[in-house]
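A short worksheet on the structure shown next.
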Amino acid sequence: MNKNDLIHILATPDRLELERIRGAAEETLLRCCGNKVYFRGLIEFSNLCDNDCLYCGIRKSNRRVARYVLTKEKIIEAALWCGEQGYGSVVLQSGERCDEKFIGFVEEIVAAIKDKSRTPAMPEGLGITLSVGEQSEATYRRFFAAGAHRYLLRIETTSPELYKRLHPANMRLPDRIESLNALRRAGFQVGTGVMIGLPGQTVEQLADDLLFFRDIDIDMIGMGPYIMHHDTPLSAWRDVHERTAADRFDLALRMIAAARLLLEDVNIAAATALQAIDPEGREKALSWGANIIMPQLTPTEVRHDYQLYDGKPCLDESADQCRSCLQIRIAGAGREIGYDSWGDSRHAINKR
Ligand code: SF4
């Protein structure tokens with residue numbers, strides 16, 4: 001597929017043609033990755049962040065957020081619950097900090113989860129994905145040695161102009177790209193993704209994002225529609241409402257299909273942000289080529305304080321309710337849950 005093919009998928013107004021594209025993406029998913037949907041229990045363990053991305057609700061300048069760090073015990077408890085449910089993998093996510101206290105803390109919880117989650121069903125313990133931002137290669141190596149084996153670092157956009165517009169001057173696109181390369185050198189399976197439907201973003205830029213995923217040989221993708229957070233500088237931009245929520249949702253599904261058709265055997269998450277716009281957003285994503293879901297394990301008492309965007313769904317459901325709800329949604333989409341498995345992407349497995 002070339003850039004024009006991708007632009008066609010992202011922009012065609014022909015609904016019949018779009019349904020054909022959706023069907024082709026679903027067929028590619030089933031052929032290359034199988035029918036299973038894998039869970040990654042999501043633990044948002046801290047909303048402290050040293051960065052100031054202009055779109056993000058937990059940016060350091062937002063003084064209206066109550067800041068928290070979960071205790072090591074709480075994080076391990078949530079991860080082990082996840083293992084008991086047969087989820088197979090957890091994602092540890094937080095704001096970005098590069099101080100030694102934070103790095104040592106992450107290292108310690110990764111090692112502890114790995115150690116305590118070994119069972120006869122999963123002798124190698126839970127699969128651990130980290131999503132804690134841009135770090136040095138030495139830090140990535142420490143996290144990998146502690147037992148994490150996947151890392152999600154969203155590029156957000158590969159357009160230099162848009163990246164610059166969305167970030168403070170100290171954040172640079174080339175550094176972000178170098179971080180993705182450093183993750184690979186450190187041994188990680190690497191995930192990235194973008195926000196879809198940003199103010200000023202074109203379908204040509206999104207097509208370039210997809211080609212970037214291919215060119216850096218990405219293993220997994222986590223991307224979703226841009227949703228405004230009211231306490232951010234970006235919410236005041238004049239063009240913030242240039243696309244409706246329905247348009248951004250539609251574009252996000254097209255991006256999933258295009259990524260599936262282009263990359264075939266990578267893992268693609270059905271982002272929670274889709275459900276913020278459409279109650280059936282995540283099921284729809286499954287039928288457009290996604291195969292990963294991230295059930296919420298963050299304790300409900302702090303979940304309200306981890307809102308990157310307005311209207312985040314599932315803020316009050318317990319982990320148990322979340323599990324039951326997802327089981328119904330996945331069965332409704334005609335798919336099976338892949339229990340007691342890390343659910344690494346075929347793409348990563350085929351590279352071994
Ligand atoms: S997007 Fe990430 S790095 Fe940027 S402000 Fe939000 S939590 Fe921090």
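Laboratory data are not the source of any read-out in this text; all were calculated from the coordinates shown. This structure is a prediction, so every number in the text was calculated from the model and none was measured. Don't worry about glycine lacking a Cβ; one is built from the backbone with ideal geometry, like all the others, and counts go over all protein chains shown.
Things to note:
- Hydrodynamic radius (Kirkwood) for the chain, which is based on Cα pairs only, to one decimal in Å: 20.2 Å
- Pairwise label distance in nanometres, Lys3 with Leu16, each label 7 Å out on the Cα-Cβ vector: 3.1 nm
- Applying 0.36 nm per residue to the separation of Asp217 and Asn181 and subtracting their alpha-carbon distance, the gain on full extension is 12.0 nm.
- With 5 Å bins from 0: P(r) over segment 213-290, alpha-carbon pairs, percent: 3, 16, 24, 20, 16, 13, 8, 1
- Per-residue [θ]222 nm for the chain (sum of -39500 (n - 2.57) over DSSP H runs n ≥ 4, rounded to 500): -13500 deg cm²/dmol
- Relative contact order, percent, the chain [alpha-carbon distance under 8 Å, six or more residues apart]: 25 percent
- Segment 84-168, relative contact order [Cα under 8 Å, separation at least 6], %: 32 percent
- In terms of distances greater than 19 angstrom between alpha carbons, the cross-link table entries Lys72/Lys114; Lys3/Lys351; Lys164/Lys312; Lys114/Lys351; Lys72/Lys312; Lys74/Lys114 yield Lys3/Lys351; Lys164/Lys312; Lys114/Lys351; Lys72/Lys312.
- Net charge of Cβ neighbours under 10 Å - reference Phe188; Lys, Arg +1; Asp, Glu -1: +3
- Among beta bridges that DSSP assigns inside the chain, antiparallel share in %, nearest 5: 5 percent
- A full extension of the chain between Thr119 and Ala24 corresponds to an added length of 30.3 nm, given 0.36 nm per residue minus the alpha carbon distance.
- Here each label is just a point 7 Å from Cα along the line to Cβ, and for Glu317 and Lys36 those points are 2.2 nm apart.
- Working from Cα pairs under 8 Å separated by at least six residues, relative contact order for segment 178-228 is 51 percent.
- Modelled label positions at Glu84 and Arg352, each set 7 Å beyond Cα in the direction of Cβ, lie 2.9 nm from each other.
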